[in-house]
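J.: Sharing a structure below in structure tokens format, with a few things to ask.
Just so it is clear, none of the values below were taken in a lab; they were calculated from the coordinates. Computed from a predicted model, the values in this text were never measured in an experiment.
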Amino acid sequence: MDHYIRNLFLFLSKNRFFTRLAKKYGLRFGAARFVAGETGEQAFNVIKDLNKQGLSVTIDYLGEFVDNEKEANEMADNSIKAIEAIGREGLDSQLSLKLTSMGMDISDELVFKNMRKIMDVAKENHVFVTIDMEDFARCEKTLKIFKTLKTEYDNIGTVIQAYLYRTETDMIDLSDYSPNLRLVKGAYKESPEVAFPEKVDVDENFKKIIKMHLLNGHYTAIATHDEAMIQFTKQFVKDNHIPNDQFEFQMLYGIRIERQLELVKEGYKMRVYVPYGTDWYGYFMRRLAERPANVAFVLKGIFNK
Ligand code: FDA
């Protein structure tokens, strides 16, 4: 049953008609639990509050699969505004973004122009930028763009997904760049031709890449809500004398809030991914796909209105 629910929401996450509809009618159906607001001001207040509690942040101005230049330029300008606000207000926050929102599907020229504009301002404001990883079809290109930008800027990282078969090879290939990587299980609907269909295999590969990246001495963000993966990491760093400043945990805004605070109390760095903006639909659908309990929560919200 969970499998069908997951596929339904992953299918819906790519529906352009619903994406436009959601943008037009604002935060609805419990999305506010996972999205910090539609405006920068709302999101910055959330960040201040999280920082006060000892949590670091990476902020994401939501947007994906942008198919025209004007929108891609607007997305880049909004990311720049977010970086400037982080610098101005002295927030403990990085920035995350998706290359499809910067024009990757339109042209190489556009995506590089927008990324360099963002990276120049990020460098000036000492803000680290992570390129989120999207679906498999865009993985190769995303890594290629990341590698080029990494030779120009130090303050840039990307994401590696444990569910892809190609991941181990990518990690070996990326190692020469000493990358700061966020490791995740992977959130998109992929075919068994390219990704492990069974959770148990994804979990094993996740552990494998956590070990690889930490032992290579590179900074590692372990982005998961899975207690088994958190416990695995804690034991592994202890056994291998890996210092606390070589890694961090990351979770999404609105998920396992108490656990986030506990990890801070235990002395670990904990970063919360805080999305905001009007283009929340695809992000929200992927969160529903991950956990049927989230669907129950949303339905309760609708019928209790
Ligand atoms: P999984 O979904 O396997 O859940 C395992 C267990 O975690 C559950 O059984 C439960 O115990 C616990 N759990 C999960 N949700 C919970 C909840 N709401 N409350 C309580 N317990 C819960 N993906 C991607 O493809 N590209 C990207 O760039 C990113 N970026 C990213 C950033 C950050 C900071 C995070 C945390 C995640 C991503 N992801 C991502 C998403 C990622 O790929 C993955 O889809 C989700 O994190 C869900 O997988 P988990 O590792 O959390 O475990």
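J.: Is the range 1-126 best put as rounded, prolate or oblate by its Cα gyration tensor, with a ≥ b ≥ c the root eigenvalues, rounded for a/c under 1.5, and otherwise prolate when a/b is larger than b/c, oblate when not?
T.: Numbers: a/c = 2.04, a/b = 1.17, b/c = 1.74.
Oblate is the answer for the range 1-126, as a/c is 1.5 or above yet b/c matches or exceeds a/b.
J.: Going by the alpha-carbon gyration tensor, a ≥ b ≥ c the square roots of its eigenvalues, is the range 170-243 rounded (a/c under 1.5) or, if a/c is not under 1.5, prolate (a/b greater than b/c) versus oblate?
T.: oblate
J.: Per Stokes-Einstein, at 37 °C and 0.692 mPa s, what whole-number D in µm² s⁻¹ belongs to the range 122-209, with the Kirkwood radius over Cα pairs as the hydrodynamic radius?
T.: Roughly 242 µm²/s, to the nearest whole number.
J.: Additional query: Only bridges whose two residues both fall in the range 35-279 count here: according to DSSP, what percent of them are antiparallel, nearest 5?
T.: Numbers: 1 of 32 bridges.
Rounded to the nearest five, the antiparallel share is 5 percent.
J.: Bin by bin, in steps of 10 Å, what percent of the Cα pairs in the chain do you find, going until the bin that has the longest distance?
T.: 6, 27, 39, 25, 4, 0
J.: Which helices pass in the chain if a helix is a full DSSP H run, must span at least 15 angstrom along its long axis by Cα, and must have mean Kyte-Doolittle hydropathy not below -1.0?
T.: Membrane-span-like by this rule: 2-13, 40-52, 69-89, 108-124, 139-152, 199-215, 227-239, 292-303.
J.: Less than 13 Å apart at the alpha-carbon level, and either on another chain or at least 8 residues along: which aspartates and glutamates does that give for residue 265?
T.: In chain and number order, there are no partners.
J.: Along its three principal axes, how long is the range 38-98 when you only count alpha carbons? Whole Å, largest extent first please.
T.: Its Cα atoms span 39, 20, 17 Å along the three principal axes.
J.: Here's a follow-up. So if I take the centroid of the Cα atoms in the range 108-175 and the same for the range 249-266, what is the distance between those two points in Å?
T.: After rounding, the separation between the Cα centres reads 26 Å.
J.: Can you flag which of 123/147; 14/208; 123/211; 81/117; 70/189; 98/150 are past 20 Å Cα-Cα?
T.: Distance filter (> 20 Å) returns 14/208; 123/211; 70/189.
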